[in-house]
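Reviewing the structure listed below.
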Amino acid sequence: MNKRYALAIHGGAGVLARDRMSDDLEAAYHAALSLAVQAGETVLRDGGTALDAVTQAVCALEDEPLFNAGRGAVFTADGGQEMDAAIMDGSGRRAGAVAGILGPRNPVRVARAVMERTRHVMLIGDGALCLAREAGLPFEDPPYFFTEARRRALDETLALVERGEIDDDPARRHGTVGAVARDRTGRLAAATSTGGMTGKRKGRVGDTPIVGAGTFADNDTCAISATGDGEAFMRCCAGHEIHARMRYTGRALADAAASVVSGDLPRYEGSGGLIAVGADGDIAMPFNCEGMYRGWVIEGENARTAIY
Ligand code: ASP
């Protein structure tokens, strides 16, 4: 069976409003998204697996300080940084996830180590860090992860909270990175990584590392990576819900994904979006907010990136 590969990536639904986006910054976002698409596509073009493709694409996004994951992760209310990540292999639904970690350069690689080196699905905090060391994964000192822009965002969020106002600026609140892929043999995979939401409570875990919420993959239906209000994605079990609509009602990928993003999420006051790839190689990237940093490629076609 030789199928066309397909890959989609996202850099989060927390896009800057158009009137605050400069030409230079917009170009920088497109360049960073292109690099991540290239990182994943190189694997697929060389006959590699969907799992390796999403790992490489997410590592590229984690290394880029423009996005809220790895380097450039947002700050918790008490000024710390706690990262969550997950990876899922659509073959046999193998999965690995980590939550509340700071130190490993690429949290998605720690999630993959959970999947490949343990009999568990999720490790948190110190236990996850211990595994990362055992696996020989690279660590960075705290200054590596620090960015002025994220620190400023925390100060603004804390000031809003102090005044009893709600922070409704997606650029400040949101961000996450993710990738979904189908390789030439028809295997699907998904990976997601995030610093979470600016000003979150210490210890808060979002949808990103929750299998069936922010990350999901099953070769028979779809691979999903989400971004947005994590609590809403968890409450509507977004990733699994899309899979279930495809599997039990025969809905097409685009229809199932749009119905969750535009129908279910708003019911739980959730803004955000997701990227999805189907067993047939279709790609869907619905969002219910101003934009979502994203990029995609289907074998034989040009890679593309978009923000709004
Ligand atoms: N979904 C992420 C979380 O709740 C944040 C985001 O994508 O904006 O942790």
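Sorted on the mean count of surrounding Cβ atoms within 10 Å across their residues, most packed first, peptides 65-76, 280-291, 126-137 read 65-76, 280-291, 126-137. Measuring with a 1.4 angstrom probe and ignoring ligands and nucleic acids, residue 161 comes out at about 100 Å² accessible. The largest accessible area among 298, 166 belongs to the first residue in 166, 298, and the rest follow in falling order (1.4 Å probe, all chains).
For the pair residue 46 and residue 23, the difference between a 0.36 nm per residue extended length and the Cα-Cα distance amounts to 4.9 nm. Charged side chains reduced to their Cβ positions (Lys and Arg at +1, Asp and Glu at -1) give segment 58-111 a dipole of some 240 debye around its Cα centre. Around the Cα centre of the chain, unit charges on the Cβ atoms of Lys, Arg, Asp and Glu (plus for the first two, minus for the last two) sum to a dipole of about 780 debye.
When +1 charges are put on Lys and Arg Cβ atoms and -1 charges on Asp and Glu Cβ atoms, the dipole computed for segment 1-149 relative to its Cα centre reaches about 780 debye. One chain, two ends: residue 148 and residue 244. Fully extended at 0.36 nm per residue, the span grows by 30.4 nm beyond their Cα-Cα distance. Determine the share of the chain's accessible area contributed by carbon and sulfur atoms, expressed in whole percent, with a 1.4 angstrom probe. The C+S portion of the solvent-accessible surface of the chain is 48 percent.
Measuring only protein heavy atoms, the 1.4 Å probe finds residue 255 accessible over about 80 Å². Note on residue 241: accessible area is roughly 60 Å² with a 1.4 Å probe, heavy atoms of protein only. With a simple spin-label model that places each label point 7 Å from the Cα along the Cα-to-Cβ direction, the separation between residue 77 and residue 231 comes to 1.1 nm.
Against the empirical curve 2.2 N^0.38 Å, the C-alpha radius of gyration of the chain lands at a ratio of 0.90.
Take the Cβ-Cβ distance between residue 303 and residue 163 as r, set R0 to 45 Å, and report the resulting FRET efficiency rounded to the nearest 0.05. According to the calculation, E is roughly 0.55.
Note on segment 56-155: Cα-only Rg and Dmax are 13.4, 44 Å. Where only DSSP H runs of four or more residues are counted, the chain gives -10000 deg cm²/dmol as its mean residue ellipticity at 222 nm, each run worth -39500 (n - 2.57). Once the 1.4 Å probe is applied to the protein heavy atoms, segment 57-171 comes out at 44 Å² accessible per residue. Between the residues 300, 186, 15, the greatest Cα displacement towards the positive end of the dipole of the chain, with unit charges on the Cβ of Lys, Arg, Asp and Glu, is found for 186. Sorting the segments 82-89, 10-17 by their residues' average number of neighbouring beta-carbon atoms within 10 angstrom, most packed first, yields 82-89, 10-17. What the phi angles of segment 217-228 give under the Karplus curve with 6.51, -1.76 and 1.60, with θ = phi - 60°, is a coupling list of 7, 8, 3, 6, 10, 7, 10, 10, 9, 10, 8, x Hz, glycine and proline written as x. Residue separation of residue 255 and residue 119 scaled by 0.36 nm, minus their Cα-Cα distance, works out to 45.5 nm of gained length.
The values are calculated or read from the model by the stated rules, or taken from the named source; none is laboratory data. Everything numeric here is computed off the predicted structure, so don't read it as measured data. Glycine also receives a Cβ, built like all others from the backbone with ideal geometry; neighbour counts cover every protein chain displayed. Calculation scope for accessible area: heavy atoms of the full protein, side chains included, ligands and nucleic acids excluded. Shrake-Rupley method; radii C 1.70, N 1.55, O 1.52, S 1.80 Å.
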